Amino acid sequence: MLIAAAVLLAVGVLWFTLNVPPEAGPVSAEPPSPARRLEERKAAIYESLRDLVFEFRTGKLSEPDYRATREELQRELAAVNAELERLVGKASAAAPEASAPVPAVSAMPEGVVCPGCGAHFSRPMKFCGECGRPLSGETS
């Protein structure tokens, strides 16, 4: 009789402990916006590109593997940027912002060329995204 009472008590405690109503579960955080997910993916691709360059320079990757992987990552980055631009374009069209005027296109530099590897960049950067050398801001 004492054993039956102990078993019944143990079953009751387990049922009470494991029986959690669905509404008592953890409150889920607000789902991230599509633009935020794309920004996170973009940052991850840039990090992958930096790692790829490092691994190529240390000799872990052959030239063909490096080029193929870099092209694949750049295509993926272009797709993410296009989708992000589409989302940002929709958002700015829906809610125009009162911000500082955008400078004329002619006032912007045409681009920057890395003196080390010859890579072209559309905006000024401190370091080359391809070879990592410091850029002095020369325009093409």
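Each value in this text was obtained by applying a stated rule to the coordinates, not by laboratory testing. Quick caveat, the model's predicted, so the values are computed rather than measured. Cβ placement follows ideal geometry from the backbone for every residue including glycine, while neighbour counts extend to all protein chains displayed.
So how do Ile3, Ile45 line up by other beta-carbon neighbours within 10 Å, fewest first? Mind showing how you got there, number by number?
On the way: Ile3 7, Ile45 18.
Ranking Ile3, Ile45 by Cβ neighbours within 10 Å, fewest first, gives Ile3, Ile45.
Ranked by Cβ crowding within 10 angstrom, fewest neighbours first, how are Ser48, Ser122 ordered? Walk me through the numbers on the way to the answer.
On the way: Ser48 16, Ser122 10.
Final ranking by Cβ density, sparse to dense: Ser122, Ser48.
For labels at Leu18 and Phe121 in the simple 7 Å Cα→Cβ model, what's the distance in nm?
In this crude spin-label approximation the distance works out to 5.8 nm.
Taking the Cβ-Cβ separation of Glu83 and Ala10 as r and a Förster radius of 41 Å, what is the calculated FRET efficiency to the nearest 0.05?
On the way: r = 55 Å, r/R0 = 1.34.
E between Glu83 and Ala10, to the nearest 0.05, is 0.15.
Thinking of the stretch 33-92 as a set of Cα atoms, what percent of all their pairs are more than 16 Å apart?
Details: 851 of 1770 pairs.
The proportion of pairs with Cα distances above 16 Å equals 48 percent.
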